[in-house]
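Read through the structure below, which is laid out as C-alpha cells, and then see the notes.
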Amino acid sequence: MEEKKEAIKEEPKFSIKDLLPTVLDIVVHHYVRDQSVATNYDESVRIDSRDIRVGNLVDTGSLVCGKLMVIEITEESITLIHIHSKEKRTLKLEEEWVIGPYVIDNSPYISSDEITMTIKYDFLTPWEQIPEIMDKIIPIHENATSSVIPETVDDEERVLALLDLDLELGDVGSYPLKALLSACNNWHTAKIVRLGQFQEILLEGIEKGALSPDDETGWSWLKVAAETNDPETFMTDMDRYYDLLASAVENGNADALDIMNTIWEPEQIIEED
C-alpha cells in the first residue's frame, strides 16, 4: 500500500530548469574619442536562452557589440562566434568571455568608438526573479474584492517554489517571508489568515538558523510581517521569542528593535495607566 502511495505522488509543479532559467548577459564598455574629448559608458542586455536559436544571430537589440552567432546551446553551456573578431568560445555556466578591445565603425561620426565586450552564460537566481513576479501579483491583490484571487495563483506558487529553492541553497533569511506569504491570501494587505502555518514555518526556519542575531534579511522580513500583523503572536514559545529579539537587539539589529518596541510599548502603556 505504501508503495502505491509513493507511485501516485504528484510531480513538483516546477522543475529546476523552470526555476533556474539560463540567460546570456552581455555588457559592452565603450571608450569614445572625439578629437580631444574622451567618454566612457556601459550598456548591457540580458537574453533569455529560451529565445536563442542555434544557427541564428543573437538578438542584442540596440546594443552596439558586433554580431554573435549561436553554434550550440545546452543547459550547461553555449558556443558562440563573434563575427567581427572571428573569435569562437564555449562558455559553461557562470563563465565569462571578454572580447576586445577593438574599434568599431562609428560612421557617419568622426569620433572613434573602442569597445570591450563581456559575455556571461548564467542562470537567474531566485532573487533575480522573485521581485518581478511579486510586482505583478501585488497590484492585482490591491484591487481584489475576494479573499482568493485565481488569476495570480500560478505566480504565487512560482514565488513560493523559488523561495523553497532559495532555502535549499542555504538562504535561511527567506524563512520569515515564506511564512508570511504562505499564511496570507492577499499579498497586498499581508494579513495573516493561517497563523498556525505561519508559526510552523517560522519555527522551522529558526531551527535552521533563521533570526540569528546577524540574520539581517530574516529580521527585515519579520518586520514587514509585523507592520500588518500582531508580532506578539508570531511564536507560541514567548520566552524563546523574546530571547531571539533581545539577542538581535544587542547585536545592533534595528528591525528587531522596532519589533520589540511594537510588542512592549502597549504593555508599558497599560502599566503606566
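Given the DSSP H assignment, sum -39500 (n - 2.57) over each helix run of at least 4 residues in the chain and divide by its residue total; what's the result at 222 nm in deg cm²/dmol, nearest 500? The partial results should precede the final answer.
Values: 9 runs with 105 residues, N = 273.
The helix contribution divided over the chain gives -12000 deg cm²/dmol.
Any idea what the relative contact order of the chain is, in percent, if you count C-alpha pairs under 8 Å spaced at least 6 apart?
Working: 399 pairs, mean separation 33.2, N = 273.
After rounding, I find 12 percent.
For segment 35-82, state which GluC sites (Glu not before Pro) are in a DSSP loop and have at most 13 other beta carbons lying within 10 Å of their beta carbon.
In loop regions of segment 35-82 (DSSP not H, G, I, E or B), the sparsely surrounded GluC sites (Glu not before Pro) are Glu75, Glu76.
Can you count the Lys pairs in segment 88-224 whose Cα atoms are under 27 Å apart, with each pair 8 or more apart or on different chains?
Count of close lysine pairs: 11.
Here are labelled values, [x] 1.37; [y] 0.96; [z] 1.02, and one is the computed Cα Rg over 2.2 N^0.38 Å for what I pasted. Which one?
[x]
For the chain, with only Lys/Arg (+1) and Asp/Glu (-1) charged at the beta-carbon, what is the dipole magnitude about the Cα centre, in debye rounded to 20? Provide the component values of the computation, followed by the final result.
Numbers: 23 positive and 57 negative charges, 334 e Å.
With Lys and Arg at +1 and Asp and Glu at -1, about 1600 debye.
Using Cα pairs under 8 angstrom and six or more residues apart, how large is the relative contact order of segment 52-166, in percent? Intermediate results must be reported in sequence, preceding the final value.
On the way: 141 pairs, mean separation 17.1, N = 115.
Answer for segment 52-166 is 15 percent.
How would you classify segment 141-273 from its alpha-carbon gyration tensor, with a ≥ b ≥ c the square roots of the eigenvalues: rounded for a/c under 1.5, else prolate if a/b is greater than b/c, otherwise oblate?
On the way: a/c = 2.29, a/b = 1.35, b/c = 1.70.
Taking the square roots of the gyration eigenvalues as a ≥ b ≥ c, segment 141-273 is oblate.
Let me have the relative contact order for segment 177-251, percent, based on Cα pairs under 8 Å that are six or more residues apart. Mind showing how you got there, number by number?
On the way: 67 pairs, mean separation 23.3, N = 75.
Relative contact order comes out at 31 percent.
So which trypsin sites (Lys or Arg not before Pro) in segment 14-78 are both in a DSSP loop and have at most 16 other Cβ atoms within 10 Å of their Cβ? Display every interim value, and only then the final one.
Details: sites: Lys17, Arg33, Arg46, Arg50, Arg53, Lys67; in loops: Arg53, Lys67.
When the trypsin sites (Lys or Arg not before Pro) of segment 14-78 are filtered for loop state and at most 16 Cβ neighbours within 10 Å, Arg53, Lys67 remain.
Among Ser85, Ser212, Phe14, whose Cα lies farthest out toward the positive end of the dipole of the chain, if unit charges sit on the beta carbon of Lys, Arg (+1) and Asp, Glu (-1)?
Ser85
Top mean-square fluctuation among Ser220, Ser49, Ser62, Gaussian network model of the chain, C-alpha springs under 10 Å?
Of Ser220, Ser49, Ser62, the most mobile in the Gaussian network model is Ser62.
Express in whole angstrom the spacing between the alpha-carbon centres of segment 112-175 and segment 13-38.
19 Å
For the chain, which whole-number percentage of the solvent-accessible area (1.4 Å probe, protein heavy atoms only) is attributable to carbon and sulfur atoms? Each step should come with its number before you reach the end.
Details: 7940 of 15990 Å².
Carbon and sulfur together cover 50 percent of it.
Could you give the accessible area per residue of the chain, probe 1.4 Å, as a whole number in Å²? Each step should come with its number before you reach the end.
Numbers: 15990 Å² over 273 residues.
Heavy-atom accessible area per residue stands at 59 Å².
The values are calculated or read from the model by the stated rules, or taken from the named source; none is laboratory data. Quick caveat: nothing in here was measured; it's all calculated off a predicted structure. With ideal geometry, Cβ positions are generated from the backbone for all residues, glycine too; neighbour counts draw on all protein chains shown. Note: areas computed on protein heavy atoms with side chains; ligands, DNA, RNA excluded. Shrake-Rupley method; radii C 1.70, N 1.55, O 1.52, S 1.80 Å.
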